[in-house]
1. So, in the stretch 75-105, exactly how many residues are free of Cβ contacts under 8 Å to residues at least 40 places away in the same chain and in a helix (DSSP H, G or I)?
2. Can you tell me which residues in the stretch 98-113 are at pLDDT below 95, under 18 Å from residue 18 (Cβ atoms) and loosely packed, with under 15 Cβ neighbours inside 10 Å?
3. Would you point out the residue of the stretch 36-57, among those that are touching a residue at least 12 places away in the same chain (Cβ under 8 Å) and either in contact with a strand residue (DSSP E or B) (Cβ under 7 Å, 6 or more places away or on another chain) or more than 23 Å from residue 107 (Cα to Cα) (or both), that is surrounded by the most Cβ atoms within 10 Å (Cβ to Cβ)?
4. Just name the residue that is modelled with the lowest pLDDT out of those in the stretch 8-26 that are in contact with a helix residue (DSSP H, G or I) (Cβ under 7 Å, 6 or more places away or on another chain) and farther than 19 Å from residue 51 by Cα.
5. It is to be established whether one or more residues within the stretch 60-74 are under 20 Å from residue 29 (Cβ atoms), in contact with a helix residue (DSSP H, G or I) (Cβ under 8 Å, 6 or more places away or on another chain), touching a residue at least 24 places away in the same chain (Cβ under 8 Å) and part of a helix (DSSP H, G or I).
6. Looking only at the stretch 79-100, which residues are touching a helix residue (DSSP H, G or I) at 6+ places or on another chain (Cβ under 8 Å) and within 20 Å of residue 5 (Cβ to Cβ)?
7. Within the stretch 17-31, which residues are closer than 14 Å to residue 58 by Cα and either buried (at least 16 other Cβ atoms within 10 Å of the Cβ) or touching a residue at least 60 places away in the same chain (Cβ under 8 Å) (or both)?
8. Any residue at all in the stretch 24-35 that is closer than 24 Å to residue 110 by Cβ, more than 15 Å from the chain's Cα centre (by Cα) and not in a helix (DSSP H, G or I)?
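The values are calculated or read from the model by the stated rules, or taken from the named source; none is laboratory data. Source: prediction; values computed, not measured. Because the Cβ atoms are built from the backbone with ideal geometry, glycine has one as well, and the counts that use them run over all protein chains shown.
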């Protein structure tokens, strides 16, 4: 994916609202990974939010491991998530996409994965 303004991409904004990470955490981690310097906050606040975001990502990883060990998720579900992620990455680069349709598809796929 090219560098995107995560605050202007409706797919990304929706995914952030549904995730365990805050918009600020995602913004800082994403910009840092892309080498983008943002200086609209103090260093202390920046590093505090960065650390909180990293801790939340670590918790997600622990959760995935736990769910796999307990056979709550399996390779098929992981592969479905990977495919969904790849398709969403492509959709983020499309300007004239029906966001409501994309969100409905994502919600349906995830709902099916959770409830099977």
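1. Counting residues in the stretch 75-105 that are free of Cβ contacts under 8 Å to residues at least 40 places away in the same chain and in a helix (DSSP H, G or I) gives 18.
2. 99, 100, 101
3. 53
4. The initial filter retains those residues of the stretch 8-26 that are in contact with a helix residue (DSSP H, G or I) (Cβ under 7 Å, 6 or more places away or on another chain), namely 9-12, 14, 16, 20-21, 23-26.
Of the ones still in play, those that are also farther than 19 Å from residue 51 by Cα are 9-12, 14.
Values: 9: 86, 10: 89, 11: 91, 12: 91, 14: 94.
Residue satisfying both the conditions and the ranking: 9.
5. No - not one qualifying residue is present in the stretch 60-74.
6. Those that are touching a helix residue (DSSP H, G or I) at 6+ places or on another chain (Cβ under 8 Å) and within 20 Å of residue 5 (Cβ to Cβ): 88, 91, 92, 97, 99.
7. Going through the stretch 17-31, the residues closer than 14 Å to residue 58 by Cα turn out to be 19-21, 25-26, 29.
Within the stretch 17-31, 21, 25, 26, 29 meet the criteria.
8. Looking for residues that are closer than 24 Å to residue 110 by Cβ, more than 15 Å from the chain's Cα centre (by Cα) and not in a helix (DSSP H, G or I), one finds none in the stretch 24-35, hence no.
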